[in-house]
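Remarks on the structure that follows.
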Amino acid sequence: MMKLLSTCILATAMHGMAAQADTSLPAATPFAGVDKKLPMLELLPVGKVLPKVSLSRYEGPRLSMLLTASSVTVAAPQEIAASILNIYLYGKDNQTSRLFTRAASYFLDKKLVVSHTETTLKEENISARGTGLYLDTDIKRGIILGPVQTTIRTDQRNK
């Protein structure tokens, strides 16, 4: 009796899921032609705000980049605006570079992060602070806009 009841519940649930799957989206979405590495963004309308967003990139099984933001707004069909953006770039030898900025735009088609607010770079032996950032997330290289204040740390050795 229990097996028959659980089979009926499962069949009802599957029928409900099939009915929901039949609803079609409009033919034109705001993200038509967007890089398919972020297909979930195709479903979001311009102006949509998402809190606490993380986007990651892997090179094989290894995490190579992580972008986190306190909130993301879909600004245009090929652009998202991030608030309090943290970018973590992971090297092959456990090297980590961290970039922090208050506001930035991420252009999906160019894979480019642009910020015109104070940006800080922190690594193991160096840190830099500038007035903005251009970062190509495809090749993980960019520039910090100036004037830039750089601090280099060296080991304190007693001889």
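Okay, here's what the table says:
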read-out	value
Cα gyration tensor category, rounded, prolate or oblate, for the range 50-152 with a/c compared to 1.5	oblate
Surface accessible to a 1.4 Å probe, per residue, for the residues of the range 50-136, Å²	52 Å²
The range 54-80 versus the range 84-159: alpha-carbon centroid distance in Å	15 Å
GluC sites (Glu not before Pro) within the range 67-159, DSSP loop, no more than 11 other Cβ atoms inside 10 Å	124
Calculated diffusion of the range 110-154, Stokes-Einstein form, Kirkwood radius summed over Cα pairs, 10 °C and 1.306 mPa s, µm²/s	145 µm²/s
Accessible carbon and sulfur surface of the range 70-155 relative to its total accessible area, %, 1.4 Å	50 percent
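The values are calculated or read from the model by the stated rules, or taken from the named source; none is laboratory data. What you see is a predicted model, and the numbers here were worked out from it, not measured in a lab. Virtual Cβ from ideal backbone geometry, glycine too; neighbours counted across all protein chains shown. In case anyone asks, the SASA skips ligands and DNA or RNA and just uses the protein heavy atoms, side chains included. Shrake-Rupley method; radii C 1.70, N 1.55, O 1.52, S 1.80 Å.
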